[in-house]
Every structure is written in structure tokens, then in C-alpha cells.
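Notes follow the structure.
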Amino acid sequence: MQTLLRFVTAGESHGQALVAWISGLPAGLPVDFDFVNGELHRRQLGYGRGGRQKIEKDKVTALAGVRHGQTIGAPIAVQIENRDWANWEKALPVEDTEGADDAQRKLTAPRPGHADLAAALKFNWHDARYALERASARETAARVAAGAFAKLLLREFGIEVLSHVVAVGKVKLERTASWKEVVAICANLDSPLRCVDAVVEAKMKSEVDAVLRGGDSVGGIFEVIAHGVPPGLGSHAQWDEKLDGRLAQAVLSIQAVKAVEIGGGVAGAGAYGSEVQDEIRYDNAQKRFVRPTNRAGGLEGGITNGEDVVVRGYLKPISTLRRPLETADLVSKASVKAAYERSDICVVPAAGVVGEAMVSLTLAAAFVEKFGGDSLAETRRHFEGFQKQLDAF
């Protein structure tokens, strides 16, 4: 499905920079670069992150599409400098300069669970370095930058998107987090794992410590909540227009995410219909249909229903281990230990911020599809007209 609002990223983990390109935002949207850079900072936080975060201080430089602090209706291009490029320039030069072969940092021991081997086979490489560089989760910094622009659009219409950590390894939050709690924990940049329960968070921290001592890595679950989403985004008419499917693809595309859940989908699969469906009521004061529960996660039939949109990403432990697993060398085919590159131990809080970006971009695309508008003022008129339609329903 071709959407009006699109984005792509470019760049390698240790290349000169990451680039994000966003097209389809209406003209006249105020751009708060402090907010965009704040989102990039949030992605770098979290207990269990590796040494790379001490090198990089991610900030965007706008190259196109923003003038005098506003979008101009043209494609937006932003760049994030890789400070670590200074340590890799000789190993990964753009041009094939003399002596470049000697400076290469080849990777021939592919890591189980990473893109190393699959990409080497696909592109006929006997060196997984290029696969590593692009498949690296460093790429998600560009996604977060693009997602920040989507968040700025959604905020103009009262929609906020945030995340929190539900599980790290075997430690799990066994209750529903309120929107107020999620707002508070996201505002607390000192929270090590962005869990709304301090007691559970302390146990999560101990889980990361134990994994670190064992030379292993740990995954978990993050939950993204979109608050203030109006009904009517998405469609039931075609399979690729269903918003829950588009959200699932967006979140599943994040590195190390292996499963996605909408609302209470996992628990609902083992329950009865009477225990799963959300009953409908009408609130005369709000002039809106409401539900006392939100097990559907804000989506029914592929369309938003006015409740919070709730999406969970299930993150496997990352593939780079200080105590590496067995693998086969790409050149000799001999059994060896997998390569180790400086890496994180736990990335669940950071993945949650990336999840926010992907959910925001997907919701913003659906929002633009429904309400249109070449300028923010025109989009606002269409949105306000829809609100009047809901009032009169």
C-alpha cells in the first residue's frame, strides 16, 4: 500500500552519518528541534546499554524541507552525525583508496541470530561487515528522528505516543499501567529501565546485572500507548489498509523484535469471547461511544475506535554475546566462535522509544490519509469537521 506520508533511512553503523527522509507532512507544521533531539537522547538511555552511547551524542541537522522553523510541504531530510566514524574512516572508506584492504575489519564468523550469514549469502559476500553495518540497531536513531516529526504532527491534534517496559528477561510487570503512570515514567529520565513500578524495576535491574556477569544478553517486552487517537483511522476494506496490520509490520521491523501484540491479544487467545470483547456504552456528557475496558487495544476491524492504541513489541536478546556461540567461518567453513563487537546487554527501554517512533509514523500516515490537507491549517479544518460529525452522530 502506498501511503501519502512516507519515510526511509540511510547510513551504516560506523559510516559518516545516518540520514532520514520524510515526505508527506503538511506545510506550516512548527518544528521543535529541541524536542527532536530530546527523542534521540531518550533512545540512548536505559540500563544495560553499551559503550557506543558514551561516544555518540545524537543530534539532527536539517538539510531540507524546513525553513524558518516550519515544514514547507517539501520532503524533509535530516542527518545524524556518527562520531565513531573517526575510528572507522580507514576501515570503511567511501572510495577504494590505496592500503584500504589492509585497514578492513572483516567479519567472517557470523553471529547466530544476526543478519550476518543471511545477508552474506544473499549478496555473495565472504565478509559480513557490510551486513552488520546496515543491519545494526544504530539505524534506529534515524527512525526516531523521523518519528519525532510524526509526533509533532500528532501533538497538534491532541495525540501523544509514549512507551514503558513491561518485561526484562523473566521479570514482568503483572498489571496494566495507566496512561498517567506512563507519562510520569517517561518524564523521569533517571529511570533505569522505564518501568512504572519501582519494585519491579529493581528486579529488572538485577536481571540485567546477572546477565552481564554471565556474558549473556537479555530481551523483554515494551508497550507503546497512543493516547487521544480519534476513531476512524485505518480501514476494514482491504487487508493492507487495516491499521493493526500496518502497526504490527512497523513494530516487527525493529531490530530484534520477533513478535507483536495488539491490546490483550496473547491472553485473549486462551480466553472465551465474553471475557475478551469490550462492551460499548454512550457517554452523554462527552457525546462519544466509550468502553469500560480496552482489551482490543484501540482497534476493531482494522480501524481505531477512540480508545488508546496499545501495541507491545516482544524483543529477543540481542545477538552479540561476550560469551559467543558456535558458528561456521564464511571462508574456511571451520567451526569457530561467533564474532564479538562492542555491544549492549539490554536494549528494551531504547527499543520502546523506537517503537514509539514507528507507531507515530504509522498513525501519522493514517491521519494524513483520512484528513488530508496540503497545509496544517487545511488539515485542522478537516479534523474539526470530523469532530463535528462525531458530535452530531
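The values are calculated or read from the model by the stated rules, or taken from the named source; none is laboratory data. The shown structure was predicted, so the numbers you read here are calculated from the model rather than taken from an experiment. When we count neighbours, we look across all protein chains shown, and the Cβ atoms used for this are built from the backbone with ideal geometry, even at glycine.
Filtering VAL336, VAL359, VAL354, VAL368 for residues that are modelled with pLDDT of 95 or more, out of contact with any helix residue (DSSP H, G or I) (no Cβ under 8 Å at 6 or more places or on another chain) and among the hydrophobic types (A, V, I, L, M, F, W, C) leaves a single hit, VAL336. Step by step: first the residues of region 130-167, then only those that are at pLDDT below 95 and crowded, with 22+ Cβ neighbours inside 10 Å, then the one that is farthest from CYS186 (Cα to Cα). Which residue is that? It comes out as ALA131. Residues that are under 17 Å from SER343 (Cα atoms) and among the hydrophobic types (A, V, I, L, M, F, W, C) do not occur anywhere in region 90-101.
Among the residues of region 213-227, those identified as more than 14 Å from GLU181 (Cα to Cα) and either surrounded by 24 or more Cβ atoms within 10 Å (Cβ to Cβ) or without any contact (Cβ under 8 Å) to a residue 12 or more places away in the chain (or both) are ARG213, SER217, VAL218, GLY220, PHE222. Consider region 168-196 and keep the residues that are of a type in the set (Val, Ile, Thr) and either at pLDDT below 95 or assigned to a loop (DSSP other than H, G, I, E, B) (or both). The one that is farthest from the chain's Cα centre (by Cα) is THR176. Checked against (1) in contact with a strand residue (DSSP E or B) (Cβ under 7 Å, 6 or more places away or on another chain); (2) within 30 Å of ARG380 (Cβ to Cβ); (3) among the acidic types (Asp, Glu), GLU156 passes all but a single condition, namely (1). For region 192-212, a residue qualifies if it is under 30 Å from ILE159 (Cβ atoms), surrounded by fewer than 23 Cβ atoms within 10 Å (Cβ to Cβ) and in contact (Cβ under 8 Å) with a residue 40 or more places away in the chain, and exactly one does: PRO192.
Region 229-303 holds strands (runs of 3 or more DSSP E) entirely within its bounds, and those carrying 1 or more residues that are over 23 Å from the mean Cα position of the chain (by Cα) map to 281-283, 288-290.
For region 1-47, a residue qualifies if it is β-branched (Val, Ile, Thr) and over 17 Å from the mean Cα position of the chain (by Cα), and the qualifying residues are THR3, VAL31.
For every residue, the table says whether it meets (1) among the acidic types (Asp, Glu); (2) in contact with an Asp or Glu (Cβ under 6 Å, 6 or more places away or on another chain); (3) more than 18 Å from SER163 (Cα to Cα).
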| residue | (1), (2), (3) |
| --- | --- |
| LEU247 | no, no, no |
| VAL257 | no, no, no |
| ALA271 | no, no, yes |
| SER274 | no, no, yes |
| GLN277 | no, no, yes |
| VAL290 | no, yes, yes |
| ALA328 | no, no, yes |
